[in-house]
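J.: Take this structure first; my questions come after.
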2 protein chains.
Amino acid sequence: MSGGADGPDDAPAEPGTPPPPPRRRGRPARAADGAGPGARERILAAARTEFAERGYDKTSIRRIAKAAGVDSALVHHYFGTKEQVFAAAIELTFAPALTMPDALAGGGADVGERMARFMFGIWENPVSRQPLLAIMRSALTNDTAAAVLRGLIERRMLQRVAGELDVPDPEFRVQLAAGHLIGIAMLRYVIRMDPIASADTEAIIAMVAPALRRYLTQP
Amino acid sequence: MSGGADGPDDAPAEPGTPPPPPRRRGRPARAADGAGPGARERILAAARTEFAERGYDKTSIRRIAKAAGVDSALVHHYFGTKEQVFAAAIELTFAPALTMPDALAGGGADVGERMARFMFGIWENPVSRQPLLAIMRSALTNDTAAAVLRGLIERRMLQRVAGELDVPDPEFRVQLAAGHLIGIAMLRYVIRMDPIASADTEAIIAMVAPALRRYLTQP
């Protein structure tokens, strides 16, 4: 026993993250590697920023470690592989979007409008939009990133949504609805094609809500 | 006058490509640079392949030239900048999708189904799907590529679509419909999220067609 420096190894697994446990490459020496109070949180914050700004392909463990002021070994120690760091970072970034099932709770005639309003509420604010778009970009250009995002959404969102909707194939229905909104977001915020890029969100919501309602409620 | 080697400089501009004319960096020496019959077509084919396989960011004029067996100067000579080579390459790749307005001609109660069927007809064939997805990926990750794609679609598709539809704001309407299908394509072919990734196309078309019809026909 060498005392407190072993602490992180004893930390309980985070709730809701069943994927393979991080590889732990021995115990990092505290003085040299930047370990200490808040190191894990600093790494996670740095990972979030790096992945958002540079995408999955161009982000390395080394770069995340440097941004967090720690040794690469400590990143491996807490999170494992780059894929696992990404999983932890996007779970944090996706937290607001993961509450989407709440917006669908109880269904009702305005469920399509509530879903659209929820998504545009996140997207219209650049602070919440940028990291989400960055994740989408990573997932669209890298198979590993796509698999991580897929796992997160299946595990944390689709199962809950299925419980909120009283339709056949609720997961298929919500994917049709989410796909609709995601495609519009791509044209509006990424490709920035007019007129949809400069249209008033209320005009878009008014057009889209009936389509979403049909998916989410029609037997 | 030095005769036939100047030929390409005298070639008329391609129809339908109004953007800035290619920079022409003098006349390349034929023997060393791979010029000669079919050089332009070889370059275009190589550009198409390189952009499709590597994306906009990772493709260079040098690499295209190498794949086409010509000197980089000849690529500049025929097409100008990397952006302009990309524009020429994606115009070729997008040719099948650019006929989409034909599928909408005359409107009618089945116009939504025709649009969905047209798009899935292109996407379900890997030979036509891969290069289109590659362009989408490039446009989603690079602002210059996004601008080129935007210009192509505005110039070659949206204006025509507006003429085919008897609704207010036809360009907005067709973007809502296209955005819907593009988002589904992202979930199905790129993120590959189930159940939408393994759903029968007929099941998707049956669900989506009424939403598209509403956008394309409802006053």
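J.: Could you give the angle, 0 to 90 degrees to the nearest 10, between helix B:82-93's Cα long axis and the longest principal axis of the Cα atoms of chain B?
T.: Here the helix axis deviates by roughly 50 degrees.
J.: Further question: Between rounded, prolate and oblate, where does the protein assembly as shown land on the alpha carbon gyration tensor, with a ≥ b ≥ c its root eigenvalues, rounded for a/c under 1.5, else prolate if a/b exceeds b/c?
T.: It is oblate, given that a/c is not under 1.5 and a/b is not larger than b/c.
J.: While we're here: Cβ under 11 Å from A:Ala67's Cβ, A:Ala67 left aside: what net charge do those residues give with Lys, Arg +1 and Asp, Glu -1?
T.: +4
J.: Residue by residue through segment A:158-166, what is 3J(HN,Hα) from phi via Karplus (6.51 cos²θ - 1.76 cosθ + 1.60, θ = phi - 60°)? Round to whole Hz and write x for glycine and proline.
T.: 3J(HN,Hα) across segment A:158-166, in whole Hz: 4, 5, 5, 4, 4, x, 8, 10, 9.
J.: While we're looking at this one, here's another question. Below 8 Å between Cα atoms, with a sequence gap of 6+, how large is the relative contact order for chain B in percent?
T.: 21 percent
J.: Another one. Run the helix sum for the protein assembly as shown: -39,500 (n - 2.57) per DSSP H stretch of 4+ residues, divided by residue count, reported at 222 nm to the nearest 500 deg cm²/dmol.
T.: When only DSSP H runs of four or more count, the value is -19500 deg cm²/dmol.
J.: Taking θ = phi - 60°, what integer Hz values does the Karplus form 6.51 cos²θ - 1.76 cosθ + 1.60 yield along segment B:103-112, in sequence order, with x for Gly and Pro?
T.: After applying 6.51 cos²θ - 1.76 cosθ + 1.60, I find 5, 9, 3, x, x, x, 5, 9, 5, x Hz.
J.: Quick one: label points 7 angstrom along Cα→Cβ at B:Glu83, distances to the other copies in nm, smallest first?
T.: List, nearest first: 3.8 nm.
J.: Take every residue in peptide B:187-200, count the Cβ atoms of other chains within 10 Å of its Cβ, and give the average of those counts.
T.: Counting Cβ atoms of other protein chains within 10 Å of each residue's Cβ and averaging gives 5.
J.: Taking square-rooted eigenvalues a ≥ b ≥ c of the alpha carbon gyration tensor, is segment B:95-217 rounded, prolate or oblate, where a/c under 1.5 means rounded and, failing that, a/b exceeding b/c means prolate?
T.: It is oblate, given that a/c is not under 1.5 and a/b is not larger than b/c.
J.: Moving on to the next point. Return the distance in nm (one decimal) between the two label points of a simple spin-label model at A:Gln130 and A:Arg54, each offset 7 Å from Cα along Cα→Cβ.
T.: 1.7 nm
J.: Can you give me the distance in nm between label points at B:Arg117 and A:Glu154, each placed 7 Å from the Cα along the Cα-to-Cβ direction?
T.: In this crude spin-label approximation the distance works out to 3.3 nm.
J.: Also, quick follow-up: Report the one residue of B:Asn125, B:Met115, B:Gln159 whose Cα lies farthest in the direction of the positive end of the charge dipole of the protein assembly as shown (charges on C-beta: Lys and Arg +1, Asp and Glu -1; origin at the Cα centre).
T.: Towards the positive end, the residue furthest out is B:Asn125.
J.: Just to confirm the numbers: B:Ala95, label point 7 angstrom along the Cα-Cβ line, distances to the other copies in nm, shortest first?
T.: 5.2
J.: Still on this structure, I have one more. Run the label-point distances for B:Ala147 please: 7 Å along Cα to Cβ, every other copy, nanometres, shortest first.
T.: In ascending order, 3.7 nm.
J.: Dipole size in debye (nearest 20) for chain B around its Cα centre, Lys and Arg Cβ +1, Asp and Glu Cβ -1?
T.: So the magnitude is around 680 debye.
J.: Less than 13 Å from a label point 7 Å out along the Cα-to-Cβ axis of B:Thr81: which backbone N atoms in segment B:125-145 qualify, by residue?
T.: Only B:143-145 fall inside the zone, counting backbone N under 13 Å.
J.: Something else about it: Taking both sides together, what accessible area is buried at the B/A interface, probe 1.4 Å, expressed in Å² and rounded to the nearest 100?
T.: That pair hides around 3600 Å² of surface in total.
J.: Does anyone have the angle between helix B:143-153 and the longest principal axis of chain B? Alpha-carbon axes, 0 to 90°, nearest 10?
T.: 70 degrees
J.: Follow-up question, since we're still on this one. If you roll a 1.4 angstrom probe over the protein chains with everything in place, what fraction of the accessible area of segment A:95-217 belongs to carbon and sulfur, to the nearest %?
T.: 51 percent
J.: Could you compute the FRET efficiency for B:Arg192 and B:Arg63, with r as their C-beta to C-beta distance and R0 at 41 Å, rounded to 0.05?
T.: That gives a FRET efficiency of 0.90.
J.: Calculate how steeply helix B:170-185 sits against the longest principal axis of the alpha-carbon atoms of chain B, using the helix alpha-carbon long axis, and give the answer as 0 to 90 degrees to the nearest 10.
T.: 90 degrees
The values are calculated or read from the model by the stated rules, or taken from the named source; none is laboratory data. For clarity, every value in this text was computed on a predicted model and none was experimentally measured. Note: ideal-geometry Cβ built from the backbone for every residue, glycine included; neighbour counts use all protein chains shown. Quick note on the areas: whole protein, heavy atoms, side chains included, nothing else; ligands and nucleic acids left out. Shrake-Rupley method; radii C 1.70, N 1.55, O 1.52, S 1.80 Å.
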